[in-house]
Ligand code: GLA
Ligand code: GLA
């Protein structure tokens, strides 16, 4: 992927530690206290004023900066730098009243009233103009401030239900977008398969957004609508970023993303930000491998560059069904997990818990009681101190990965629009499972998009890659022919980027590489199980065992590929379920059904082992249950091994001969590292 940042990528001089601060909710005396306490908490950066539009710009062309000037003075006087927000995320009431084109229309065509946040039409000219004026004022006023580190544009774009706007202006913009994309109506009719059910259009003006009470059977309408809406929000970001870059060319620009957020194709966004930043809100029962996947996904957006953890809760989130506390030490563990995966900041939402409003019960560093002897405050302060003691050793490091897992937003959209083959099909879950299967083996893995340059990867795993572009397939085929290993799974390369079935059926342009063709597909109801048996032992997978399979089972014809495992039940018992084909210098595996976690992990580990890829631990052994391992290599070539115990029991991890120094304690660790529950070791070779 070629990414040309608009400004140079920020080299942060120290790990950023701080978070969201909403001073507009507090009187002056509290603000002064806040600056003092941030120093006690060892914060070095504050993000503000994310929702400050109404306070900075109380009526058209009237700007009131005096209060923010004082806050900026308090903060920077206390040694707290600024991640300045452009404050455009919540439109003031006067904007929505005077300029109704700013208000969004929902998926049933109803105009939504004023009142939420992130609720502006991305194609509203009034929004662009008024937001642009505010951004220009803020950038001019604070652009030269020595404490300014970073611009935080808007907030969580699209993060308000129903994510998209369905107004007439968006509809018009959509029609123009389609004219540009297809060039002619006949090309659109062809691409959208409108001959089906007589959906043929005779004018672009006949195309409406996919209202929820409207036409639901034109799948490309939904997919192109997502493409259009994602790019509409992106152009809002680009509009603000262009103003900032003009006034403050040296200051990096970001906007906080949300991990695997379906509404926006973040791969397109990544080309426009100077640094990826994202908000991580795992629930109390989110597996740590899933959090790791999200970090890897965000890191992969800009080809492995370090990213920023812009928000996390220090304790809990009010919007969860149950506000479970993070037990002592978990915040530290999750923060190091982010760093271990490439983060260069640990930041929170939010500094002080609000007294009113929907988030008055959301976790914060300073609770309503305001005390610094509270558990959460003490944990936050201690972590800040510890991170500062690490110096710049953890900065700029890359995760050296020879394995890539493909995650593609358009594939996600297409699968979501698909009628069949199973209501249980969940793209995000399947890709996360593949990542987790590798992760539990301690195998360093990148998450890449369909445009990724695959040259550096020796194993490419493409789970449920239903939508496969011709150029993407060609890159995968070339890399495989040149010696890499491809692992493809069921229901892959079924359609092209117009959601049209590839000629000759699945796996379309990968049929030659994989040496097989799908004959038919059986979808198993929830709870139903198939099983598969390997012809010969494969890695840890035994030949005399049944490994459960579920979800989808494809029957395949082989033309070159050899069977490795076969179905155990039903009328297709004995027929191939896992196959391998030789392609040029490389190999291509096909897994025609869904394996359970352990077998999936064993299979992927065995495939990686063929290429000499294993965990960085002694003899390439997988880490013990609950333990996570990553390696980050600094720009100077120094290797840091991160070990994190997410489990509830102490674990011993064989790290191999040769001592390593734990950067957190200075202790020397030889051969076996011992980790108590919640422990983190950062080991330097
Ligand atoms: C009905 C319709 C057909 C087709 C089938 C699919 O019978 O008449 O056009 O859509 O359903 O099951
Ligand atoms: C998001 C938003 C914040 C806050 C948190 C609460 O990350 O960006 O403003 O609402 O959620 O979890």
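Values in this text are rule-based calculations from the coordinates and carry no lab data. Predicted model only: the values in this text are computed from it and were never measured. Backbone-built Cβ (ideal geometry, glycine too); neighbour counts: all protein chains shown.
Only counting other Cβ atoms within 10 Å, I'd like 443, 399 sorted with the fewest neighbours first.
The fewest-first ordering by Cβ neighbours comes to 399, 443.
Report the FRET efficiency, 1/(1 + (r/R0)^6), for residue 213 and residue 94, where r is their Cβ-Cβ distance and R0 is 30 Å, rounded to 0.05.
For R0 = 30 Å, the calculated efficiency reads 0.40.
Counting pairs of alpha carbon atoms under 8 Å apart in space and at least six apart in sequence, what relative contact order in percent does the stretch 139-223 give?
Over the stretch 139-223, the number comes to 23 percent.
Using Cα pairs under 8 angstrom and six or more residues apart, how large is the relative contact order of the stretch 419-493, in percent?
33
State whether the stretch 220-308 is rounded, prolate or oblate according to the following rule on the C-alpha gyration tensor (a ≥ b ≥ c being the square roots of its eigenvalues): a/c under 1.5 gives rounded; otherwise a/b larger than b/c gives prolate, and the remaining case gives oblate.
Cα axes put the stretch 220-308 in the oblate bin.
Simple spin-label model, 7 Å along Cα-to-Cβ: residue 654 to residue 322 in nm?
According to this spin-label approximation, the distance is 3.9 nm.
Rounded to the nearest 0.05, what FRET efficiency is calculated for residue 367 and residue 262 with R0 set to 30 Å and r the Cβ-Cβ distance?
The computed FRET efficiency comes out at 0.35.
Taking 0.36 nm per residue of separation and subtracting the Cα-Cα distance, what length does fully extending residue 668 through residue 482 add?
62.7 nm
Quote to one decimal, in nm, the extra length available between residue 503 and residue 359 on full extension: 0.36 nm per residue of separation minus the C-alpha distance between them.
46.6 nm
Using a Förster radius of 60 Å, what is the FRET efficiency between residue 546 and residue 140 based on their Cβ-Cβ separation? Nearest 0.05, please.
0.30
Between residue 618 and residue 393, what is 0.36 nm times their sequence separation minus the Cα-Cα distance? Round to one decimal in nm.
That works out to 78.6 nm of additional length.
Using Cα pairs under 8 angstrom and six or more residues apart, how large is the relative contact order of the stretch 570-633, in percent?
RCO, the stretch 570-633: 15 percent.
Note down the nm distance, to one decimal, between modelled labels 7 Å out along Cα→Cβ at residue 284 and at residue 111.
According to this spin-label approximation, the distance is 4.4 nm.
Computed over the Cα atoms, what is the radius of gyration of the stretch 1-145 divided by 2.2 N^0.38 Å, N being its residue count?
Expressed relative to 2.2 N^0.38 Å, the Cα Rg reads 1.19.
7 Å from Cα along Cα→Cβ at both residue 195 and residue 557: what's the point-to-point distance in nm?
2.3
Taking a ≥ b ≥ c as the square roots of the Cα gyration tensor eigenvalues, with a/c under 1.5 meaning rounded and otherwise prolate when a/b beats b/c, else oblate, which class fits the stretch 112-214?
Prolate, because a/c is 1.5 or more and a/b exceeds b/c.
Do the sum for the chain: with -39,500 (n - 2.57) for every DSSP H run of n ≥ 4, divided by all residues, what is the mean residue ellipticity at 222 nm, to the nearest 500 deg cm²/dmol?
Helix contribution divided over all residues of the chain: -9000 deg cm²/dmol.
Within 10 Å of each residue's Cβ, count the other Cβ atoms and sort 63, 266, 21 from fewest upward.
Starting with the residue having the fewest Cβ neighbours, the order is 63, 266, 21.
Looking at the square roots a ≥ b ≥ c of the eigenvalues of the Cα gyration tensor of the stretch 341-458, which shape do they give, rounded for a/c under 1.5, prolate if a/b is larger than b/c, or oblate?
Verdict is oblate for the stretch 341-458.
Counting pairwise Cα distances across the chain, what percent come out greater than 45 angstrom?
I get 23 percent for the Cα pairs in the chain exceeding 45 Å.
Fewest Cβ neighbours within 10 Å first, please rank 72, 50 accordingly.
By the 10 Å Cβ count, ascending, the order reads 72, 50.
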